[in-house]
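I'd like to ask you about the structure that follows.
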Amino acid sequence: MDGMQRPNLPRYLREIQVEVERHARAAGLDFFPVLFEILTYDEMNMVAAYGGFPTRYPHWRYGMEYQRLSKGYTYGLHKIYEMVINNNPCYAYLLEGNSTLEHKLVMSHVLAHCDFFKNNAWFAPTSRKMMDEVANHATQVQRAVERYGIESVEAFLDSCLSIENLTDPSWPFAPRPARVATGGVAAEEHPKEEELARLPAKSYMDSFINPKEYMERQRRTREEKTAQVRRFPPEPRRVVMGFLLEHAPLERLQQNLLSIIRDEAYYFMPQGQTKIMNEGWATYWHSVLMTTKLLKASEVIDYADHASMVLATSGGRLNPYKLGLELFRDIEERWDAGRFGKDWEDCERLEERRCWDRRTGLGREKIFQVRRTHNDLTFLDEFLTLDFCIEHNLFSFGYNAKRKRWEVLSREFAEVKATLLQQLTNFGQPIIFVEDGNFENKGELLLVHRHEGLDLDPDWGGETLAALARLWTRPANAITEREGKKVRLRHDGSELRSIDM
């Protein structure tokens with residue numbers, strides 16, 4: 001990959017880029033400079049396996065992903081048309097062998113992505129020099145491999161990657177708390193009786209002035225205060241990787257490797273938070289630019305064929321391109337007609353609502369504002385309406401254990417919306433907090449699963465807790481629910497136990 005040749009764009013593609021950028025800027029898109037490069041199918045699969053970056057740190061999962069992509073292309077299961085990296089300048093890749101029409105479509109799509117990267121609030125904390133940072137990360141890991149060997153470095157990276165999803169989406173926007181000195185976490189003996197506060201008394205009166213019940217209360221009070229001092233963090237923390245970086249007994253190299261995984265996880269996080277919006281925005285704008293500015297008459301049929309493939313839906317799968325595009329179009333149409341605000345909400349006459357058109361013309365302005373401030377969760381929460389669900393035939397589905405098949409569970413708007421929002425909350429993954437770094441005064445790690453209808457995967461305890469135990473160098477625990485009952489999972493580094501509570 002490092003020695004891969006990167007040919008300059010041929011003249012006809014440079015001219016297309018200039019034309020597409022001119023129309024995109026005239027339409028209001030605002031993006032970083034974009035550097036397009038042409039890749040072969042194999043090169044495209046290699047870059048895609050690395051998450052869009054030409055250079056990443058060595059790890060077996062990238063080779064596995066490359067094999068998956070290569071076989072998928074060979075068997076005709078998928079074809080990567082474009083990739084774009086959130087960077088300044090943005091880097092984007094074109095597939096060698098694509099037609100002129102496909103290059104125009106991809107460039108239009110990419111420029112809208114770049115506009116989204118630059119202007120969406122959730123991307124604001126991300127590094128705009130990540131291309132350089134990722135290459136630097138690769139160099140650091142390679143040096144560690146040269147010094148300690150690929151097996152030991154990959155084994156530690158495996159542990160780090162097992163917890164890369166234990167992040168807090170609000171962390172990039174939050175003020176950094178001061179580091180708390182924890183001291184040792186080893187258990188201490190109970191305070192001796194003579195160290196407890198005693199009321200002054202003559203020796204022969206001591207048993208009356210300081211009776212056993214009073215001294216026992218003193219001991220319990222002292223133990224509670226000592227436990228509060230030893231307990232950390234003072235409040236439950238969702239930033240698990242950050243907690244480990246601060247408190248786990250890691251060597252400097254290990255801290256550096258865990259920091260690399262943490263930084264890259266937070267860089268990619270907004271892309272998961274805005275998948276529907278980002279793809280919908282890019283699809284909306286390539287549709288506008290292609291149909292109003294860029295298409296030749298001879299290209300209309302081929303363009304329609306490509307558009308139908310992008311927007312196709314299949315049973316049981318949510319197409320983010322389709323849903324995002326249709327929601328942006330719906331918002332634009334509603335705000336153009338003035339179908340928002342108190343008057344619209346208070347109107348109960350069906351015929352009046354059907355013919356409602358105040359000709360406010362605010363649609364384009366509104367979608368730019370939405371693009372700037374929302375993520376997928378707030379986007380759907382605010383703009384997914386009953387009328388939209390009915391028009392697009394949305395429903396929730398699930399597995400019917402009695403009939404042993406997947407089927408439609410509900411077409412009720414409230415249930416459909418709740419299902420979508422649950423899938424988007426925390427990327428559809430369980431919400432985990434660090435509760436205590438000195439559990440039971442034994443120096444063990446305690447996590448708590450906030451159960452909000454989403455169970456822990458059965459393999460979670462065996463894999464993630466094992467990785468946490470290796471990083472913490474002591475047993476790791478997690479409190480969760482199973483069939484309505486609280487249980488504590490405990491992994492001591494060699495085996496997993498489930499303890500009823």
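Computed from the coordinates by the stated procedures, all read-outs in this text should not be read as laboratory data. All figures in this text were calculated on a predicted structure; none of them were measured in a lab. FYI the Cβ positions are ideal-geometry reconstructions off the backbone, even for glycines, and counts take in every protein chain you see.
How big is D for the chain, in µm² s⁻¹ as a whole number, if Stokes-Einstein is applied with the Kirkwood radius of its Cα pairs at 25 °C and 0.890 mPa s?
92 µm²/s
Can you work out the PRE-style zone for Arg61? Point 7 Å along Cα to Cβ, and I want the residues of the stretch 247-281 with backbone N under 11 Å.
Within reach of a label on Arg61, which here means backbone N under 11 Å from a point 7 Å along Cα→Cβ, the stretch 247-281 contributes 261-262, 265.
Moving on. Compute the relative contact order of the chain as a whole-number percentage, counting only Cα pairs closer than 8 Å that sit 6 or more residues apart in sequence.
In percent, rounded to a whole number, it is 14.
Identify the residues of the stretch 413-428 with backbone N under 17 Å of a label point that sits 7 angstrom from the Cα of Asn393 along the Cα-to-Cβ direction, or state none.
Flagged as within label range: 413.
Using a 10 Å cut-off around each Cβ, can you sort Trp335, Trp285, Trp171 from fewest to most neighbouring Cβ atoms?
Ranking Trp335, Trp285, Trp171 by Cβ neighbours within 10 Å, fewest first, gives Trp171, Trp335, Trp285.
So if I place +1 on the C-beta of Lys and Arg and -1 on the C-beta of Asp and Glu, and nothing else carries charge, what would the dipole magnitude of the stretch 311-424 be about its Cα centre? I want it in debye, nearest 20.
580 debye
List Lys275, Lys104 from most exposed to least, where exposure is judged by having the fewest other Cβ atoms within 10 Å.
Lys275, Lys104
Starting from 0.36 nm per residue, how many nanometres of slack lie between Val18 and Lys129 once their C-alpha separation is accounted for?
37.6 nm
Follow-up. Pop a pseudo-label 7 angstrom from the Cα along the beta-carbon direction at both Arg147 and Leu454 and give the gap in nm to one decimal.
Inter-label distance under the simple model: 3.7 nm.
Given a Förster distance of 22 angstrom, what is the FRET efficiency for Asn256 paired with Asp158, based on the Cβ-Cβ distance and rounded to 0.05?
So the FRET efficiency works out to roughly 0.85.
Separate question: Quick check for you: which residues of the stretch 287-312 have the amide N under 16 Å from the point 7 Å beyond the Cα of Arg364 toward its beta carbon?
Those under the cut-off are 287-294.
Stretched out fully, how many nm does the piece from Arg68 to Asn8 gain, at 0.36 nm a residue minus the Cα gap?
18.7 nm
Multiply the residue separation of Glu37 and Glu483 by 0.36 nm, subtract the distance between their alpha-carbon atoms, and state the gained length in nm to one decimal.
The Glu37-Glu483 span can extend by a further 155.3 nm.
What is the distance, in nm, between label points placed 7 Å from the Cα along the Cα-to-Cβ direction at Asn88 and at Met215?
The two pseudo-label positions are separated by 6.9 nm.
Once you charge only the Cβ atoms, +1 for Lys and Arg and -1 for Asp and Glu, what is the size of the charge dipole of the chain about its Cα centre, to the nearest 20 debye?
Approximately 440 debye in magnitude.
Which percent of Cα-Cα pairs in the stretch 311-424 sits in each 5 Å bin, short to long?
With 5 Å bins starting at 0, P(r) equals 2, 10, 17, 21, 19, 13, 9, 4, 3, 1, 0.
With a Förster radius of 45 Å, plug the Cβ-Cβ distance of Met501 and Leu77 into 1/(1 + (r/R0)^6) and report the FRET value to the nearest 0.05.
Calculated transfer efficiency: 0.50.
Taking only the alpha carbons of the stretch 247-313, what extent do you get along each of the three principal axes, in Å, biggest first?
Dimensions of the stretch 247-313 along the principal axes of its Cα atoms: 65, 22, 16 Å.
Describe numerically, in nm with one decimal, the distance between label points set 7 Å from Cα along Cα→Cβ at Leu350 and at Lys442.
Spacing of the two 7 Å Cα→Cβ label points: 6.5 nm.
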